[in-house]
Structure formats: structure tokens, C-alpha cells
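The values are calculated or read from the model by the stated rules, or taken from the named source; none is laboratory data. Just so you know, these numbers come straight off a predicted model, no measurement behind them. Virtual Cβ from ideal backbone geometry, glycine too; neighbours counted across all protein chains shown. Areas reflect the complete protein model, heavy atoms only, side chains present, ligands, DNA and RNA absent. Shrake-Rupley method; radii C 1.70, N 1.55, O 1.52, S 1.80 Å.
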Amino acid sequence: MQEVRSAGRGHPWLTTRTALRVPKITAAFWVLKLLSTAIGESTSDYLVHAIVPELAVLLGFAAFVIALVAQFRMGRYVAWTYWIAVVMVGTFGTMAADVLHVGLGVPYAVSTIIYAVALAAVFITWSRTEKTLSIHTVDTPRREAFYWAAVVATFAMGTALGDFTAYTLNFGYFPSSLLFAALIALPAIGYRWLRWNAVFSFWFAYVVTRPLGASLADGLGKPASVSGLGLGNGRVALVLALIILALVAYLAVSRTDVQPAAAPHS
């Protein structure tokens, strides 16, 4: 506790512990995480083709900032603000990854590595500062800042990775989905039967849900000429939005995903 106080002495509000700011990890969490990654992909792809791409990215960034500000102002977990923030991170994270490839010509393999390095930097800094990466300790503004930095990096890296398998490796969307579905089973098996570390297993699964959801969304929305079903990005995004709204409304009312208060530090 002394280390935490010393680290935040100049700005004590950064390390002032309040309520936990992220949800309990339940089946609903993983379903919504997968849906939020899918809608981020579909919404981004729809916007950059429906309006001027530069304007779409600007709007995506503005929505991303507004959503995060609203989330930080809550000072606790609130289903609506949290999941809106996740969706906005997913949308802008997709745009950020696409800017590197489409705008700057960076190959998907390289952008995947760039975002993986960024994610590793976030995790290393977070771990050295807070001595943990557990989401069950995200109860201060500084810890929440690390959490959302990691989330942004996972979304951007996952987008690039999904595009790498679909385009660079020519797997296509649905074969890529099967690959990532198999990968996401690894931490579940490792945690359940092989005694893998819970924090490692969580973040492993969290990272992989991004390319899994994005590949599924692309497979549904993209035209048949590029191995999709041709349902359209706009339609896919709308259906996903309705499902997300229903699930978040249920969680907001039932509060079944609100974590109990963290135990005081010794």
C-alpha cells in the first residue's frame, strides 16, 4: 500500500480507491465482448465507405473520446457507459489499424507487430506500476487508464491480425474465424484443466476475441467476391446493435455483472 501511495503522491486522486470499474467476468461478458468487436468492424467499414474516410475517422475518434470521458466520470462500473465505451473503442480501434494499412501502406504483418509491441508496453508499464494486471483491482483512475489503454491496443492488434490471416495468408473470413475460435479455446482449457494463470488466461482470450469477432463480421457483411455472405456492413452493424442494446439493458436492470467491492489492501 505504501508503494501505491508513494507513486501517486503528486496526484492522489489517481490512486484513490473507489468502486470497481469493470464488470464481472461471466458468459454475458464474453458474448458482449465478441459482439462489440464485430460491430466495431462492421461500423467502421460502413462509415468509411458511406462518407469521406477522413471524416469517418474524425467522427470515430470523437465518439471514442466522448465515450471514455463518460466512462471515467462514472467512477464505477455502469453497464451502459462501459459497453458503449467498448463499442467505441472497437470502432476507432478498427479505424486506427486500417489507417496504417490503407492510408500509410503498412503491411498487415508489420502493423500486427507494431500493435503487439504497443500492447506489451502497456502491460509491462501497468504491471510495474500497479504490481498486477488483474481486472479485479481496477478501482482507481490510474488503473482504469491502464485498462483502457490495454483494451485499445488489443482491438487495434486484433484487427490487424484478423486482416493478416484473411488477406495476407488468404484464409478468408470464415476459415480465419475457425482458427481464432480454436485459439480462444486454449486459455479456457488451460485455465480449467492445466492450472494456467487466471490473469494470463483472461488477457489471452480477450485479445483473441477481437480477430474472431472481426472475421465473423466481415464474413457476414463483405460481398461474395471476397469470400463474404454479402449481407452488407450496415445491416450487420444494425442487427448487432440491437442485440447489444438488449443484452446491456438486461445487465443494467439485473446488475448480475457488478463485481463485489475489492478487499482493502493490507
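Yes/no per residue for (1) more than 28 Å from LEU20 (Cβ to Cβ); (2) in contact with a Ser or Thr (Cβ under 7 Å, 6 or more places away or on another chain):
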{"residue": "SER177", "(1), (2)": "yes, yes"}
{"residue": "LEU186", "(1), (2)": "no, no"}
{"residue": "VAL208", "(1), (2)": "no, no"}
{"residue": "GLY221", "(1), (2)": "yes, yes"}
{"residue": "GLY228", "(1), (2)": "yes, no"}
{"residue": "ARG235", "(1), (2)": "yes, no"}
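Restricted to segment 71-90, and to residues that are open to solvent by 10 Å² or more (accessible area, probe 1.4 Å) and farther than 21 Å from PRO260 by Cα, which residue is farthest from the chain's Cα centre (by Cα)? Looking at the filtered set, the residue picked out is ILE84. For the residues VAL236, VAL207, the requirement of being modelled with pLDDT of 95 or more, of a type in the set (A, V, I, L, M), open to solvent by less than 30 Å² (accessible area, probe 1.4 Å) and in contact with a helix residue (DSSP H, G or I) (Cβ under 8 Å, 6 or more places away or on another chain) singles out VAL236.
Being more than 30 Å from ARG76 (Cβ to Cβ), at pLDDT 95 or above and surrounded by fewer than 18 Cβ atoms within 10 Å (Cβ to Cβ) holds for only one residue in GLY221, GLY230, and it is GLY230. Scanning segment 241-261 turns up no residue that is outside any helix (DSSP H, G or I), within 30 Å of VAL117 (Cα to Cα) and touching a helix residue (DSSP H, G or I) at 6+ places or on another chain (Cβ under 7 Å). Do we have any residue at all in segment 27-49 that's modelled with pLDDT under 95, surrounded by fewer than 21 Cβ atoms within 10 Å (Cβ to Cβ) and touching a Ser or Thr at 6+ places or on another chain (Cβ under 9 Å)? No, segment 27-49 contains no residue that is modelled with pLDDT under 95, surrounded by fewer than 21 Cβ atoms within 10 Å (Cβ to Cβ) and touching a Ser or Thr at 6+ places or on another chain (Cβ under 9 Å). Out of all the residues in segment 126-141, which are open to solvent by 10 Å² or more (accessible area, probe 1.4 Å) and in contact with a Ser or Thr (Cβ under 6 Å, 6 or more places away or on another chain)? Listed by number, the list holds a single entry, LEU133.
Let's see how each residue does on (1) in contact with a helix residue (DSSP H, G or I) (Cβ under 6 Å, 6 or more places away or on another chain); (2) closer than 25 Å to ALA246 by Cβ; (3) modelled with pLDDT under 95:
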| site | (1), (2), (3) |
| --- | --- |
| GLY60 | yes, yes, yes |
| ILE66 | no, yes, no |
| VAL69 | no, no, no |
| ALA85 | yes, yes, no |
| MET88 | yes, yes, no |
| THR91 | yes, yes, yes |
| TYR108 | yes, no, yes |
| ASP139 | no, no, yes |
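Residue count for segment 239-263 under the criterion of being among the β-branched types (Val, Ile, Thr) and open to solvent by less than 40 Å² (accessible area, probe 1.4 Å): the result is 2.
Within segment 123-180, being of a type in the set (Val, Ile, Thr) and farther than 21 Å from PRO107 by Cα holds for ILE124, THR125, THR129, THR132, ILE135, THR137, VAL138, THR140, VAL151. Number of residues in segment 145-193 that are surrounded by 17 or more Cβ atoms within 10 Å (Cβ to Cβ) and over 21 Å from TYR115 (Cβ atoms): the value is 3. Pairs meeting the criteria (first residue in segment 57-78 and at positive phi, second residue of a type in the set (D, E, K, R) and crowded, with 19+ Cβ neighbours inside 10 Å, beta carbons under 8 Å, at least 6 apart or on different chains) are GLY75/ARG21. Pairs meeting the criteria (first residue in segment 226-255 and of a type in the set (S, T, N, Q), second residue open to solvent by 30 Å² or more (accessible area, probe 1.4 Å) and part of a helix (DSSP H, G or I), beta carbons under 8 Å, at least 6 apart or on different chains) are SER227/PHE174; ASN233/THR43; ASN233/TYR46; ASN233/HIS49.
Taking SER201, is it polar (S, T, N, Q), open to solvent by less than 60 Å² (accessible area, probe 1.4 Å) and closer than 17 Å to PHE29 by Cβ? Spelling it out, SER201 is indeed polar (S, T, N, Q), open to solvent by less than 60 Å² (accessible area, probe 1.4 Å) and closer than 17 Å to PHE29 by Cβ.
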